[in-house]
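Let me begin by presenting the structure, written as structure tokens, before commenting on it.
The values are calculated or read from the model by the stated rules, or taken from the named source; none is laboratory data. What you are looking at is a predicted structure, and each value in this text was computed from that prediction instead of being measured. Cβ: placed from backbone, ideal geometry, glycine included. Neighbour counts: every protein chain shown.
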Amino acid sequence: MLPEAAAWLIIGLPLLAGVFSIAVLRPWRRSLWRYAGHVGIAGTGAAFVLSLIAVNGAMGNGDAGYEPHAWFAVGALGAQDGFEMTVGIFLDPLSAIMAAVVSGVSMVVQVFSLGYMRKESDDANGEWSDYPRYFTYMSLFTASMLGLVLAYNLIQLFVFWELVGLFSYLLIGFWYHRPAAAAAAKKAFIVTRIGDFGFMLGILYLFLNRGEFTALGLNPFEIPAILDAAPMLSAGVATWVALGLFAGAAGKSAQFPLHTWLPDAMEGPTPVSSLIHAATMVAAGVFLVARLFGLFEESAAAMNTVAIIGGFTAVFAAAMGLAANDIKRVLAFSTVSQLGYMFLALGVGAPGVAMFHLFNHAFFKCLLFLGAGSVHHSVHTFDMRYMGGIRRWMPITYLTTLVGGLSLAGIFPLAGFWSKDEILTTAWSGSHAANSGVSQLVFWLALAAAFMTAFYVFRLIIMAFHDDFRGGIDSVPHEERIPDEAHHHVHRHESPLVMKLPLLVLAVFAVGSGFVANSLVDLGPVPAHWFSHLLHEDAPKFNIAIALTSTLVAVAGIGLAVLVYGTRTVSFDGLGRLWRFVHRLLVQRFYMDALYEDLIVRRALYRGLFLVSDWFDRRIVDGVADLAGWLGRNSGRAIAQLQTGHIQVYGVGVSMGAAVILIFYLMQR
Amino acid sequence: MGITARDLFLIAPELALTVGATVVVLSGLVSRQRQLTLVLALLGLAVTFAFAIALWDNVHANGAQSAFNDSLIVDKFALYIKFLVAGTAALVLIASSEYAERFRPYGSEFTGLVLFSAAGLMLLAAAADLITIYVSLELATLPVVALAAFVRTRIAPIEAGVKYLLLSAVSSAFLLYGFAFLYGASGTMQVVGGSSGAPTIAQALGEGSPDVPFGGLAIMAGAILATAGFGFKLSMVPFQMWTPDVYEGAPTPVGAFLATASKAAAFAVVLRLFYEALGGSSADWSTLFAALAAITMTIGNLVAIVQSNVKRLLGYSAIAHAGYLLIGVAAVTAHGQETQDAAGISSVLFYLAGYAAMTLAAFFAVIVLTQRSGDERIEAMAGMGKRAPLAALALAVALLGLTGIPPTVGFMGKLFLFNAAVNSGLVWLAVVGAVNSVVSAYYYVGIIRTMYLREPAGDASPVAAAFSGRLTLWITVAAILVLGFWPGGLLEVARTAASGLVS
């Protein structure tokens, strides 16, 4: 078992690396800026090694229960109104696995960034000027994410949760001089904040009902205590707290109706999209629900909400992915859809399965994004309409992306197949679900999403890598180009080794992580269902009928994509107006962004509520404040008149004061 | 009864400090090196600290002990205040070592007087009968009169000294008059019981209420007159009028010492008197202190808004903070459960330490910021954010702390004080305190704005700070932030100290 200090170092080392880059390298050592990436990789890599040791320790003897440390206490402890704030590390198999995924993927992405950001910053001004800032954000993001994962206390978790949001904001807006990036960063921050408000309400509701915990001698904010107390809580408390937390999770994990920020977040550097908006941060919501699953389990309402939102989002987002032309946006919709899968799994009562899918998804989705980055490195555009035929000069990128795509589509025996199969099997059986009808419903939703997933990912692969080259950045109309990239040209070359290596490593995981980690049979050193057992859960029984069905559905999706975009034997154009209507609906993303931004924000809020609030603020609030200020200043001035400086006056003041008090008390008798 | 070695051990901190002060003054005959003076003074304070720590262990093992015929009581409550006073004195002396240059050739006398006054304050915290309280109070006050008037070449310090002398004489008269009533009513001087078994005021009043001359009237008059007397030291309205004049006129380090050490010891003795001697009496002291608290902080804050001199503003800020601290006293004197009393006392003790850190940081920063130009107007602080980054930062942190913004100790301290008030049923007082904190933000943040957002009017060259000044700024700022983040340790110590008084 890991000593506690080492567990803190999992958070501390990336933090140290980030602080070193920003506080030492950036101001003092210009000549060493190019090594900022190496500093970040060293810090994250060390955290990764420690996380692996933690996973190993968690395998042996279960939960590593470090005692939490008291931070501060308010009121009398144990009393109705007192509570103690604690901080600590909660290192159980779940958080150990998550920490290993976060630090591992982060390390690989930072290696990739060494090559990718080299070019991006070099082209900007011939220096390494973006390096320290970029790798500082990356390291601090990783530290925050690890802090979230290892938090012992819900408030501690919330602090890191917000820090993760902050660094996500900074990284999306990394190229802050591009208006689109700045707007996307703002949008991500604000939309997730709406969810976080729900999170906060959940925490407050927990606080208001802390009596139920103190009666049991538990601290209402300690995560293990919440899990212990969950069966004893009154139903309303469990439901409302769980729903509040789920609102936060839905914001962070971009679930309907808070999904709109994630596609826009692709304005950040591609490795950022890969790390944050595919593999780790967006998974924080899934992790949160899995972390507090014991609480969700106690509320059928919360479980059904999670399952239905997850299932709906899986289909809804996949549908939007069908029509997108930007390679990163397709992947972003895919991420939203896959996260929906994970919530669906949580909602039907299988947190271990959800974590298994998260685990696999982290690898293959990260791989796909890095592949997109690699392509961009060559053709300098993300628009698939201007790609095509790239496989000819980027064989490694092509093959690894193909592997990632097959894994995402859920083709046997790649990683994605195994976890998707477990999700479908669990939903079908409904044995852990709060409501078997809901479970059946989401099974069909998941199957539909599987079909769309296979279709859009092969549409992507065919449009980008097959067919003839359609000119890359050189064909993009000037008005559509990002100003920074206006001067770029296509270079037909494969990416450098530092970029290929992460692709290959991730490709190995995208193939093997599913089968090896949670195999049906013993595989030498890895026992059968290692992953499930590590999380103290039984894997659902393999169901050959469901496996065959889902594979057929996926193959059908791939086949349709090949027929439409590869051989062009099938075309939708014959479907006429209905098709055009659906297509426009998908391209416009179901008009959700328009609804939020134009209708709600611009019309209802700007012209309605905000105008009223503005008037109220100016006239009433400011008026009262001004009056108070005026009163304060003038009464101060008036009292200061007494302060004449004459000591006689002071003496009289003292005597009168004593006399007044005496008389007052005498009169009371 | 003679003096035993045990008695001497029990006042060893004060003895060490007195010896140290004497040595410092005598050293002035030999050498006028200010470094030597400082080293000797710090040595004396270090020995004082060592003895105080030894006593803490002793008290921890054997319980509170009385000395010198029960005239002194050494408990953790007294020792907590002693640590605070000695620590404050040390920081003030280090910070003023550069400033003391202008006292030449009387630097060693200045240092010696600070130490003498500190010894008086430490005795005051441990005083167990009325006479000892009075004598210690005078021992603490008289050196300050000389200190306030130390720069005799200017009129303002002399005015400050004279005002302090005359008004402290008036307040002493009130105090003694009050003590006379208390003695007359109870027949004893004893505030805290000791080994001799002489009855304490509380016991005397508890047993023989019918025998008390004039009934409870004499007790009431005594308590109120004593409050008036202590009110002078506490800067409590309406006995506060000297405060701004003296803070402005006296040398800045003296202001720092007055605002922190002197106030801490005065609060300690008020708590002891009203909790131990008058806690059982039927009169409602809580309402008195609550009303005084509300008036004191409101007047302090309102008048501070219109000030234009930084030191004078800090004087009004000290008045306002006396009001916040009185919230704790009101909570303690409210008739409640024992545990809540301990919480109230510990919140006052905690705030005294936090307030000392914040006020010292503010005064030390003002020492640095004004030392070259001597211009103490708030306007003169313009551009200091660039001209003296460390001192400006320290002043900003201190002022935010005094406002009560997290994560400073000021926030935590106010939280504990208001919490104590709410637990004692004084919700309205906590609300008044919170509103006052908002009002205070106006003038505190105003200074920060001037320092960082205004351009300097004339001279824009950097203002250098000596090593000693920088050191004390770092220490106090660190204390403000560290105690703000981790209040638990100090609060625990304060609780232990408070429980010494309660048991």
When you scan the range B:469-483, do you find a residue that is part of a loop (DSSP other than H, G, I, E, B) and either surrounded by fewer than 23 Cβ atoms within 10 Å (Cβ to Cβ) or not charged (D, E, K, R) (or both), even just one? no
Test A:Ala23 against the criterion of being over 20 Å from A:Met107 (Cβ atoms) and either at pLDDT below 75 or small (Gly, Ala, Ser) (or both), and give yes or no. yes
Has the range A:229-240 got any residue that is polar (S, T, N, Q) and surrounded by 24 or more Cβ atoms within 10 Å (Cβ to Cβ)? no
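Can you go through B:Val170, B:Val92, B:Val162, B:Val145 and tell me which one is surrounded by fewer than 18 Cβ atoms within 10 Å (Cβ to Cβ) and closer than 18 Å to B:Val246 by Cβ?
Numbers: B:Val170 fails: surrounded by fewer than 18 Cβ atoms within 10 Å (Cβ to Cβ); B:Val92 fails: surrounded by fewer than 18 Cβ atoms within 10 Å (Cβ to Cβ); B:Val145 fails: surrounded by fewer than 18 Cβ atoms within 10 Å (Cβ to Cβ).
Exactly one residue qualifies, and that residue is B:Val162.
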Out of everything in the range B:429-444 that is more than 22 Å from B:Ala356 (Cβ to Cβ) and touching a residue at least 24 places away in the same chain (Cβ under 8 Å), what residue ends up being surrounded by the fewest Cβ atoms within 10 Å (Cβ to Cβ)? B:Tyr442
Which pairs have Cβ atoms under 8 Å, sit 6 or more apart or on different chains, and link a residue in the range B:237-265 that is under 16 Å from B:Ser168 (Cα atoms) and within 14 Å of chain A (Cβ to nearest Cβ) to one that is assigned to a helix (DSSP H, G or I) and among the charged types (D, E, K, R)? B:Trp242/B:Lys163; B:Pro244/B:Arg312; B:Asp245/B:Glu159; B:Asp245/B:Lys163; B:Val246/B:Lys163; B:Tyr247/B:Lys311; B:Tyr247/B:Arg312
Single unsatisfied condition, B:Gly425 versus (1) over 18 Å from B:Ala320 (Cα atoms); (2) in a helix (DSSP H, G or I); (3) more than 13 Å from chain A (Cβ to nearest Cβ): (2)
Residues satisfying the stated conditions in the range A:220-251, i.e. in contact with a Ser or Thr (Cβ under 8 Å, 6 or more places away or on another chain), of a type outside the set (A, V, I, L, M) and in a helix (DSSP H, G or I): A:Thr239, A:Phe246, A:Gly251
Matching residues, the range B:241-280, being under 23 Å from B:Ser347 (Cβ atoms) and over 14 Å from the mean Cα position of the chain (by Cα): B:Arg272, B:Leu273, B:Phe274, B:Tyr275, B:Glu276, B:Ala277, B:Leu278, B:Gly279, B:Gly280
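Which one of B:Val482, B:Val431, B:Val463 is modelled with pLDDT of 90 or more and away from chain A (no Cβ under 14 Å)?
Just a single option satisfies the conditions, and that option is B:Val431.
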Only one of B:Leu137, B:Leu124, B:Leu113 is surrounded by 22 or more Cβ atoms within 10 Å (Cβ to Cβ), away from every other protein chain (no Cβ under 14 Å), more than 16 Å from the chain's Cα centre (by Cα) and in a helix (DSSP H, G or I), namely B:Leu113
Filter the range B:149-178 down to the residues that are charged (D, E, K, R), out of contact with any Gly (no Cβ under 7 Å at 6 or more places or on another chain) and in contact (Cβ under 8 Å) with a residue 24 or more places away in the chain and list them by number. B:Lys163
Count - residues of the range A:624-659 that are in a helix (DSSP H, G or I) and surrounded by 12 or more Cβ atoms within 10 Å (Cβ to Cβ): 22
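If I ask for residues that are at the interface with chain B (Cβ under 8 Å from one of its Cβ atoms) and closer than 23 Å to B:Leu165 by Cα, which ones from the range A:635-654 would you list?
A:Ala640, A:Leu642, A:Gln643, A:Gly645, A:Ile647, A:Val649, A:Tyr650, A:Gly651, A:Gly653, A:Val654
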State all residues of the range A:175-185 that are modelled with pLDDT under 85 and either closer than 16 Å to A:Leu258 by Cβ or not in a helix (DSSP H, G or I) (or both); if no residue qualifies, say none. A:Trp175, A:Tyr176, A:His177, A:Arg178
Restricting to the range A:485-514, count the residues that are modelled with pLDDT of 75 or more and either farther than 28 Å from A:Arg178 by Cβ or part of a helix (DSSP H, G or I) (or both). 18
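Suppose we filter the range A:616-633 for residues that are within 12 Å of chain B (Cβ to nearest Cβ) and either closer than 18 Å to B:Ser317 by Cα or among the small types (Gly, Ala, Ser) (or both); how many remain? Quick ask: steps written out before the conclusion?
Just the residues of the range A:616-633 that are within 12 Å of chain B (Cβ to nearest Cβ), to begin with: A:625, A:628-633.
With either closer than 18 Å to B:Ser317 by Cα or among the small types (Gly, Ala, Ser) (or both) added as a condition, the list becomes A:625, A:628-629, A:632-633.
Residues flagged as within 12 Å of chain B (Cβ to nearest Cβ) and either closer than 18 Å to B:Ser317 by Cα or among the small types (Gly, Ala, Ser) (or both) within the range A:616-633 amount to 5.
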Inspect the range B:296-313 for any residue being more than 9 Å from every other protein chain (Cβ to nearest Cβ), in contact with a helix residue (DSSP H, G or I) (Cβ under 6 Å, 6 or more places away or on another chain), in a loop (DSSP other than H, G, I, E, B) and surrounded by fewer than 24 Cβ atoms within 10 Å (Cβ to Cβ) and give the result as yes or no. yes
What do you reckon, is A:Val306 farther than 20 Å from A:Ala278 by Cβ, of a type outside the set (Phe, Trp, Tyr), under 17 Å from the mean Cα position of the chain (by Cα) and part of a helix (DSSP H, G or I)? yes
Those residues of the range A:364-383 which are more than 19 Å from A:Leu262 (Cβ to Cβ) and either in contact with a His (Cβ under 8 Å, 6 or more places away or on another chain) or part of a helix (DSSP H, G or I) (or both) amount to A:Ser374, A:Val375, A:His377, A:Ser378, A:Val379, A:His380
Could you check how many residues of the range B:160-196 are β-branched (Val, Ile, Thr), more than 14 Å from chain A (Cβ to nearest Cβ) and out of contact with any Leu (no Cβ under 8 Å at 6 or more places or on another chain)? 2
Given the structure, is B:Leu288 facing chain A (nearest Cβ under 9 Å) and of a type in the set (A, V, I, L, M)? yes
Could you check the range B:432-454 and list, in sequence order, the residues that are part of a helix (DSSP H, G or I) and of a type in the set (Lys, Arg)? B:Arg449
Has the range B:270-281 got at least one residue that is under 18 Å from B:Leu93 (Cβ atoms), away from chain A (no Cβ under 14 Å) and modelled with pLDDT of 90 or more? no
